[in-house]
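Encoded as structure tokens, the structure appears first; notes follow it.
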Protein chains: 2
Amino acid sequence: MAEMTIWYIVIFSIVAVTIAYILFNYFRIKKMPEGTEEMKEMAGIIRSGAKAFMKTEYRTIAIVVAAVALVFSLFVEKTSGITFLIGALMSSSVCILGMSAATYANVRTSNKALSSKSIGETVKVALCGGSIAGLAVQAMGVLGLALILVIFNGVDHEATGGGFLTTLPGVNPSIMRISTYSLGCSLVAMFNRVAGGNYTKAADISADILAKIRNDLPEDDSRVPNVIADFIGDNVNDIAGNCSDLLESFVATMSASMMIAVILFKQYIGAGAADTAALEKVYSATVSYPIILGGLGLLGCFIGLLFAAVKKMGSNPSRELNLATWISAGLTLGLGLVGAWFTFGQTDQTILKETYGWALGWLTPWICAILGILSGVAIGIITEYYTSTDYKPTRKLAEMAPEGDAFVITKGDAIGSRSVLLPVLVIGIALFVSGKLAGTYGIAIAALGMLSFVGATVSIDAFGPIADNAGGIAESCHLPADVRVITDKLDAVGNTTAAVGKGFAIGSAAFATVSLIVSYVGNYTAVGEEPVLNIALFTVVAGAIIGGALVEYFSAMLTDNTIDSAKIMADVGDKQMTPEVLAGKETPDYNMMIQLAAKEALKKMLFPSILAMVIPIIGGFVFGVQFVGGLLIGATIVAIPRAIFMGNSGGAFDNAKKYIEIGALKGYGKGSHAHKSAVTGDTVGDTRKDVVGVALDIFIKTMSTVANTLVSVFRNITLIR
Amino acid sequence: MAEMTIWYIVIFSIVAVTIAYILFNYFRIKKMPEGTEEMKEMAGIIRSGAKAFMKTEYRTIAIVVAAVALVFSLFVEKTSGITFLIGALMSSSVCILGMSAATYANVRTSNKALSSKSIGETVKVALCGGSIAGLAVQAMGVLGLALILVIFNGVDHEATGGGFLTTLPGVNPSIMRISTYSLGCSLVAMFNRVAGGNYTKAADISADILAKIRNDLPEDDSRVPNVIADFIGDNVNDIAGNCSDLLESFVATMSASMMIAVILFKQYIGAGAADTAALEKVYSATVSYPIILGGLGLLGCFIGLLFAAVKKMGSNPSRELNLATWISAGLTLGLGLVGAWFTFGQTDQTILKETYGWALGWLTPWICAILGILSGVAIGIITEYYTSTDYKPTRKLAEMAPEGDAFVITKGDAIGSRSVLLPVLVIGIALFVSGKLAGTYGIAIAALGMLSFVGATVSIDAFGPIADNAGGIAESCHLPADVRVITDKLDAVGNTTAAVGKGFAIGSAAFATVSLIVSYVGNYTAVGEEPVLNIALFTVVAGAIIGGALVEYFSAMLTDNTIDSAKIMADVGDKQMTPEVLAGKETPDYNMMIQLAAKEALKKMLFPSILAMVIPIIGGFVFGVQFVGGLLIGATIVAIPRAIFMGNSGGAFDNAKKYIEIGALKGYGKGSHAHKSAVTGDTVGDTRKDVVGVALDIFIKTMSTVANTLVSVFRNITLIR
């Protein structure tokens, strides 16, 4: 494993350089001027509100994480609690760092717009904030995994022992460490998404009710006490939630690839076809390549984002931002090719071709990675088609608005459902082709391909909410109109670039879950046998149908929680809207609403978040591995179309409303009854896209990761056989 | 097979008696007085509109059916075209007869209310109409299958030959006849549901737009030209569509059970465990019991409905109607036990227990049938809980109405999603238990159990739209208020009893599809091997994900078509609403709108209906049997929760609106802004529950039936292996 030592040195060096760059940017942002006193005050409220929320949230998360870690270490495998903690820690630190950077960057972005009046320079401030979050996601994900591999001596396919349940046959503590690390990231991501979604949308929707239904005020009017909670929500959900979400995807994909490497090795060594030493070498390559690709991708993103940071930007910055993404992707691919050569290129090509069935030898995994990237791009373009006002679907939706709310909702439902097919065809075809090329390992690497430059995509994603907040601050602090023009432009850029990011998030979740399920099946399969999950068995099919229904139930819980919290916040906020407040003579108590939003979100976070962990455990101990395999596949098959539906119908509603607001629908402008119907659509879409849609990915990945962690346990202990 | 001859005599006798009873009732209804001239005229418009629509619709259906039959006979298997035609014919005759009876019964129901002022006597007229449709469904379903079995000498597990493609290995013309018969029923049902849903909801929604949004008139106002098309729609979708839907379920379930009987026999004979002659006898019992149970159930329903027809009814007829259902179910079960004794009781119990694994011997299938019935009842009760104003969910929905349309929709979405879990748990547990008891044959018989008294459930279902139409006629013809009180009461009774019917429809569709998929897998499995569909293979999982997306796409097409047709009908209707019409001086041109509704429905019927047939064929020839297996399972896993969501969210919206209309929501009555929001919910729910939800069942069953028919063909011919 001498070559692996060299790789570790390379990976740790890349991580070290990136972290240094992140810190440099963080302090650079912090030193920038914040602008007027009013801006400072507003930014202070947002920052302290966001921090207070995170603090309370992490108190709960810490207790749950500590309890789970203890259970793992005491009852399952003694080191698995530690690796679980490392995962939770990496995820938490990314969230806190990212959100902190964003809440510094927002006001400095508005101030830069005010002081420089230059779009190019303003973009750089927002992007600098975003790149702190983005690079941290990839750096921490790689760092945690690399640390575990170094501390615990890599992934040993023959490891045994290490605690009570690991004495059971087939339990491998080495695999368990990888999957509990991933699980630590999953659990934190789940809490962040569920709580963040509730926070931001309860605030947003209640602000809308108070303004539009109960008091006939314009949107985001500062007399509505719920407005600031809405600004905070952007940071809580779109920064912290998104960072932990994609960190989880990235880590889950790397760990699934590594677990599949172990399973394949066991299958082929059991079959006894090839030379053992050479097969061991191939095993070593397959198990290392995921983290190598992830680490090299970090270097690619670092260079790509550095390019954007130093390059002079013109008045249409979306070109430069896209360029930064493509430089990151291109470098990642180039470096990934080098990585593939140094790992797979040095192994026995006959084993790769014949035993593993990789027709293209050492190049095969790399081609699968390209396939993954291409499908991510394709899904992004399709998302754009269904949700942007430049294309027919959203325009048709806007044209339905004059017929009333029911027409808007029904048409939006149809667009959402229709938009599912093409992305899923892309996923299906890519699964098919990568499976043909390199079996299940190919599928896992395709997923990793999409996420191998996650640092760049998250940076661009995080750019959006920073620009959005900057615009909100400009509005609330009554900055000159030309400042608002700049921040609006930034906001629009963020919306466009976000579509590609969404494509990668959905596509990689689908691929990662499929890899996790295959790895799950492999984990209960005996050495030398082909992994089988027979859905023609009644146990599996019963599990699958129930798994699908659980996705609906989880969606219902999040939707109900959001709407109930919104109603409570509207009722409390209403009482504050005294005649003095409405006349503009008094400011409403923003803090009270901020605390209420946090209280509601935290109260409603626990049950849905824990559900994803608990279901496969109960299912496994009661009905066994086959039933849980069914659960996972059913949940995945339902969650993928539902997540796309939620995201795209929500996006189309949002943009159809904007289309009417800019006056593009002939005869109906802002304030017309058509606009009111479009606003109804937008409000319905809010919960769909920002609460439910984004949480479904994590739901299925958490379920799959828990199942992977414990499969070898409940393979041995099951109530009903 | 002497005992089978006796059974055929029994079955044909039951069918003959039932058909005689159906005809007797038909002419009895026809002879009843229609009432005033105005009523006659109104009823005439409805009847002739419905007939004209059916005539045009069946012209298209006839062409498609003939073409498909020809293809089957020429290229697949020479007799399979004939059996396909028999299926289509049975389904069509039930639709035409049922709708004809309903359009006679509606006006006679209002007239009976007018002349007798007695709820009890009025109920009997509506039920008499409904029972013609209901009994015809079960009688024709059994008749067609029995005819095929008699003409072609039963189901021969060793049959070969019979046409071009049947020379391929593994193609069994005997099985193909059964599955093409079922496919004939499926195709007609698909056309009826798709066209009927579009017709009725485009008329309904456009009438609503014209009344409420564009002209501020009350619902169902006769100045709106689209109103009569709406009345016709009730007959087209809720009678013809529902009859062909449940006929298809019933036939598909019988045929799936028979196909599974063949598969099990092949598996066990191949394994070589048991005495061949005794095993043949068990085979003969397993393959005959489905039609025996179906035939005996027809007798049970005949007696149950006869009871309701002769018994004196009081002022709360729902007790008597429920009693009629339970007498039918009870008799079916009792007769089914006798049937089980005469078939399975006479075979080698050791083979049943050891080879087939039926722990309870000959009683086992019968117990599975009971399990099916119990789950149907449980799903019905759960449906009632989520959609009736007597319980919390719908009341909570109504309480959200004062907060506006977006809240109503979001809450309704949450209720719909939440309502999925319990029915699916019931289905999952029943699948698990019936699978444990009697393997896949147990699952198929559980499905058949639910449908074994389909004659009674469809009769009660059909009662609803007849009562609804009777009320509409009473309103339009300005009959006295006490008549409307009676018809309203009938309508309410219909709504309550419908919940149980829905439970059976959804539950049996889930079970039937699972049986069809298992049968599909068995059909490509070699003799003596265990049927496996390995979803851990990338081909299968790619198919499953795409299958799920197709369900969304199909839903989107139907939704889009409905809403587009509604807009067109609203625009055309609007032009007719001249000042004279609005002043009540002129009647609008109802016929023009009736023709437009038909034209729209027929134009938009073809593509979605054919899709379900074409997808598995293309999938099979291009990607092979494994991929199609994935498609089927994916489509089923997504369609079940979606169908429940559509039905229950639609039902809750509908009833929340009614809750406000009867003044049960404090402070908000008819015409309040809360009521308007509830109306929006109801309109959104219309498309969901009456167009999409009811079509999803047929979509998955049609796909599965096509796949079953052709599996042995594309097992041999596949482009990409």
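B:I568 fulfils the conditions (1) over 30 Å from B:I381 (Cα atoms); (2) of a type in the set (V, I, T); (3) open to solvent by less than 30 Å² (accessible area, probe 1.4 Å) except for a single criterion, (3). Taken over the stretch B:434-459, the criterion of being open to solvent by less than 10 Å² (accessible area, probe 1.4 Å) and more than 14 Å from chain A (Cβ to nearest Cβ) is satisfied by B:L448, B:G449, B:M450, B:L451, B:S452, B:F453, B:V454, B:G455, B:A456, B:V458, B:S459.
Just checking, does the stretch A:460-467 include any residue being at pLDDT below 95, at the interface with chain B (Cβ under 9 Å from one of its Cβ atoms) and either more than 17 Å from A:I644 (Cα to Cα) or touching a Ser or Thr at 6+ places or on another chain (Cβ under 8 Å) (or both)? I'd like the intermediate steps shown before the answer.
Applying the first criterion (at pLDDT below 95) to the stretch A:460-467 yields A:460-467.
Subset that is at the interface with chain B (Cβ under 9 Å from one of its Cβ atoms): none.
Taking every residue of the stretch A:460-467 in turn, none turns out to be at pLDDT below 95, at the interface with chain B (Cβ under 9 Å from one of its Cβ atoms) and either more than 17 Å from A:I644 (Cα to Cα) or touching a Ser or Thr at 6+ places or on another chain (Cβ under 8 Å) (or both).
Quick grid of which residues meet (1) open to solvent by 10 Å² or more (accessible area, probe 1.4 Å); (2) within 14 Å of chain B (Cβ to nearest Cβ):
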{"residue": "A:A639", "(1), (2)": "no, yes"}
{"residue": "A:I660", "(1), (2)": "no, no"}
{"residue": "A:L696", "(1), (2)": "no, yes"}
{"residue": "A:R715", "(1), (2)": "yes, no"}
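In the set B:A583, B:A492, which member is without any contact (Cβ under 8 Å) to a residue 24 or more places away in the chain, more than 14 Å from chain A (Cβ to nearest Cβ) and under 28 Å from B:G134 (Cα atoms)? Explain how you work it out, then say what you get.
Working: B:A583 fails: under 28 Å from B:G134 (Cα atoms).
None of the other options fit; the residue is B:A492.
If you go through the stretch B:568-607 and keep only what is part of a loop (DSSP other than H, G, I, E, B) and on the phi < 0 side of the Ramachandran plot, you end up with B:M577, B:T578, B:A583, B:K585, B:E586, B:T587, B:P588, B:D589, B:K604, B:M605.
The condition of being open to solvent by 10 Å² or more (accessible area, probe 1.4 Å), within 29 Å of A:I148 (Cα to Cα) and assigned to a helix (DSSP H, G or I) holds for only one of A:L335, A:L305, that being A:L335. Only one of the numbered conditions (1) under 12 Å from B:L710 (Cα atoms); (2) open to solvent by 30 Å² or more (accessible area, probe 1.4 Å) is violated by B:K604, and that is (1).
When the stretch A:390-411 is limited to residues that are open to solvent by less than 10 Å² (accessible area, probe 1.4 Å) and more than 10 Å from every other protein chain (Cβ to nearest Cβ), the one that is farthest from B:K676 (Cα to Cα) turns out to be A:T394.
Every condition in (1) in contact (Cβ under 8 Å) with a residue 12 or more places away in the chain; (2) within 14 Å of another protein chain (Cβ to nearest Cβ); (3) under 28 Å from the mean Cα position of the chain (by Cα) is met by A:A505 except one, and the failing one is (2).
Among the listed residues B:V614, B:V581, which satisfies the condition of being open to solvent by less than 30 Å² (accessible area, probe 1.4 Å) and among the β-branched types (V, I, T)?
Numbers: B:V614 fails: open to solvent by less than 30 Å² (accessible area, probe 1.4 Å).
Among B:V614, B:V581, only B:V581 is open to solvent by less than 30 Å² (accessible area, probe 1.4 Å) and among the β-branched types (V, I, T).
Quick check: anything in the stretch A:265-280 surrounded by fewer than 23 Cβ atoms within 10 Å (Cβ to Cβ) and within 23 Å of A:L143 (Cβ to Cβ)? No, there is no match, as no residue in the stretch A:265-280 is surrounded by fewer than 23 Cβ atoms within 10 Å (Cβ to Cβ) and within 23 Å of A:L143 (Cβ to Cβ). Taking the stretch A:412-433 as the range and being over 23 Å from the mean Cα position of the chain (by Cα) and at the interface with another protein chain (Cβ under 7 Å from one of its Cβ atoms) as the test, the residues that pass are A:D413, A:A414, A:R418, A:F432. On the stretch given as the stretch B:677-710, residues that are over 30 Å from B:F84 (Cβ atoms) and in contact (Cβ under 8 Å) with a residue 40 or more places away in the chain total 12.
Assess whether A:C368 counts as being under 24 Å from B:F538 (Cα atoms) and either among the β-branched types (V, I, T) or in a helix (DSSP H, G or I) (or both). Working first, answer last.
Numbers: under 24 Å from B:F538 (Cα atoms): yes; either among the β-branched types (V, I, T) or in a helix (DSSP H, G or I) (or both): yes.
Yes; evaluated as a whole, the condition is true for this residue.
Within the stretch A:23-38, residues that are within 14 Å of A:A470 (Cβ to Cβ) reach partners that are among the aromatic types (F, W, Y) with beta carbons closer than 6 Å, at six or more positions or on different chains, in the pairs A:I29/A:Y104. Only a single criterion out of (1) surrounded by 24 or more Cβ atoms within 10 Å (Cβ to Cβ); (2) within 30 Å of A:I370 (Cβ to Cβ); (3) hydroxyl-bearing (S, T, Y) is not satisfied by A:T487, namely (2). Among the residues making up the stretch A:17-59, a single one is more than 30 Å from A:M593 (Cβ to Cβ), under 24 Å from the mean Cα position of the chain (by Cα) and open to solvent by 50 Å² or more (accessible area, probe 1.4 Å): A:L23.
Could you please find all residues in the stretch A:374-389 being buried (at least 24 other Cβ atoms within 10 Å of the Cβ) and either more than 14 Å from chain B (Cβ to nearest Cβ) or touching a strand residue (DSSP E or B) at 6+ places or on another chain (Cβ under 7 Å) (or both)? Of everything in the stretch A:374-389, those that are buried (at least 24 other Cβ atoms within 10 Å of the Cβ) and either more than 14 Å from chain B (Cβ to nearest Cβ) or touching a strand residue (DSSP E or B) at 6+ places or on another chain (Cβ under 7 Å) (or both) turn out to be A:G376, A:T383, A:T387. Of the residues making up the stretch A:76-125, those that are surrounded by 24 or more Cβ atoms within 10 Å (Cβ to Cβ), within 15 Å of A:G314 (Cα to Cα) and hydrophobic (A, V, I, L, M, F, W, C) are A:A113, A:V123, A:V125. For the stretch B:309-324, a residue qualifies if it is open to solvent by less than 70 Å² (accessible area, probe 1.4 Å) and under 27 Å from the mean Cα position of the chain (by Cα), and the qualifying residues are B:A309, B:P317, B:S318, B:E320, B:L321, B:N322, B:L323, B:A324.
When the stretch A:170-223 is limited to residues that are over 13 Å from A:A566 (Cβ atoms) and among the β-branched types (V, I, T), the one that is surrounded by the fewest Cβ atoms within 10 Å (Cβ to Cβ) turns out to be A:V171.
Of all residues in the stretch B:537-551, those satisfying the criterion of being among the hydrophobic types (A, V, I, L, M, F, W, C) and either open to solvent by 10 Å² or more (accessible area, probe 1.4 Å) or more than 7 Å from chain A (Cβ to nearest Cβ) (or both) are B:L537, B:F538, B:V540, B:I546, B:L550, B:V551. Considering each residue of the stretch B:247-264 in turn, at least one proves to be assigned to a helix (DSSP H, G or I), in contact with a His (Cβ under 6 Å, 6 or more places away or on another chain), touching a residue at least 60 places away in the same chain (Cβ under 8 Å) and not small (G, A, S).
Do the conditions hold for A:T636, that is, is it closer than 23 Å to A:N534 by Cβ, assigned to a helix (DSSP H, G or I) and of a type in the set (S, T, Y)?
Yes; evaluated as a whole, the condition is true for this residue.
Among the candidates A:F623, A:F554, the residue that is within 11 Å of another protein chain (Cβ to nearest Cβ) and open to solvent by 60 Å² or more (accessible area, probe 1.4 Å) is uniquely A:F623. Out of contact with any helix residue (DSSP H, G or I) (no Cβ under 7 Å at 6 or more places or on another chain), more than 7 Å from chain B (Cβ to nearest Cβ), assigned to a helix (DSSP H, G or I) and not aliphatic (A, V, I, L, M), is that true of A:D564? Against the criterion (out of contact with any helix residue (DSSP H, G or I) (no Cβ under 7 Å at 6 or more places or on another chain), more than 7 Å from chain B (Cβ to nearest Cβ), assigned to a helix (DSSP H, G or I) and not aliphatic (A, V, I, L, M)), A:D564 qualifies.
The values are calculated or read from the model by the stated rules, or taken from the named source; none is laboratory data. Keep in mind the model is a prediction, meaning the values are calculated, not measured. When we count neighbours, we look across all protein chains shown, and the Cβ atoms used for this are built from the backbone with ideal geometry, even at glycine. To get the accessible areas, we keep the full protein, side chains included, count just its heavy atoms, and leave off ligands, DNA and RNA. Shrake-Rupley method; radii C 1.70, N 1.55, O 1.52, S 1.80 Å.
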